[in-house]
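What follows is a single structure, written as structure tokens, with notes after it.
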Amino acid sequence: MQITQDTRVSDLLNAHPEAVEVLAEFHSHFARLRNRVLRKIMAPRVTVAQAARMAEVDVGAMLTVLRRATGQAPPPFCAGGMPLQTSAPAAPSSARPPFLDQFNGDRLVIVDVREDIRRGHEPFAKIMTSAKSLQPGQALLLRNVFEPVPLYQVLEKRGLVHWTECRGPEDWWIYFFSAPTGEPPGEGAAPPAQERAAKGGELLVDARGLEPPEPMQRILEALAKLPAGTTLRARTDRRPQLLYPKLEERGYRYETREIDDDGYETRIWR
């Protein structure tokens, strides 16, 4: 496996388990990946480029070290001596925007997942449920043990922008709030398990952010009233392994693909 900036850390460690020690040298946070339970939570959603940002190092430098440690040629260099496809280290957080003061009391939804991470529990569904339940004028404050870089893109698709602050070791505060009026909302900003018409005779069921077995129940309910000739597209946080036998029993065909860091999408048809 050729290691690139788009390689997921989970794939990297599956192919090269020894690379966990290389990552741990870049930032103490990555030492947590030695724990296989925490590895299942953290590694699948993070790319090498995102890991470099979290460690505040150049992705070209991280790629060079990882490739050499795993017996691969370092990334190509341009004429100026800098690695190709590099990214600058993350800039320190700017001063806290004054408008965040408006989010207090019932207007601020606080989700603290630090203990979930330490106990080896997957907090993604918990975060997404809170994000989807935000009312107009509310903001989400996420407290985490590290900067959740992959989550930024996921919530941007739902029209939420962020401001991040590190207040101490393993104490990151991330505010998520609606983009200013005039900016297009991200796709999927609808309530959990919303059903809506899609192009080309398809029905979309977004069941992300729900706890099992509710996603499977919602999908099967939608299938029961699916018009003839219509394809169902179901979005879930995890690959719906338990759903597949139910579909086969009912005579449906299906295919599942991963949609970036935003879960999985399963197409279902007769």
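The table below lists the values:
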quantity: Selection status of ARG39, among the basic types (Lys, Arg) and at pLDDT 80 or above; calculated: no
quantity: Strands (runs of 3 or more DSSP E) wholly inside the range 158-270 that include at least 3 residues being under 22 Å from the mean Cα position of the chain (by Cα), of a type outside the set (D, E, K, R) and modelled with pLDDT under 90; calculated: 160-168
quantity: Subset tally (residues that are of a type outside the set (D, E, K, R), within 22 Å of PRO98 (Cβ to Cβ) and more than 15 Å from the chain's Cα centre (by Cα)) for the range 136-157; calculated: 6
quantity: Residue list for the range 117-131, restricted to those being more than 13 Å from the chain's Cα centre (by Cα), assigned to a helix (DSSP H, G or I) and among the basic types (Lys, Arg); calculated: ARG118
quantity: In the range 153-162, the residues that are closer than 16 Å to ARG53 by Cβ and either buried (at least 18 other Cβ atoms within 10 Å of the Cβ) or in contact with a strand residue (DSSP E or B) (Cβ under 6 Å, 6 or more places away or on another chain) (or both); calculated: VAL154, HIS162
quantity: Which listed residue is modelled with pLDDT of 85 or more, acidic (Asp, Glu) and crowded, with 17+ Cβ neighbours inside 10 Å, from ASP106, ASP101, ASP112, ASP116; calculated: ASP116
quantity: Qualifying residues in the range 1-34 (those that are in a loop (DSSP other than H, G, I, E, B), exposed (fewer than 14 other Cβ atoms within 10 Å of the Cβ) and not acidic (Asp, Glu)) - the one modelled with the highest pLDDT; calculated: PRO17
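The values are calculated or read from the model by the stated rules, or taken from the named source; none is laboratory data. The structure displayed is predicted, hence computed values, not measured ones. Backbone-built Cβ (ideal geometry, glycine too); neighbour counts: all protein chains shown.
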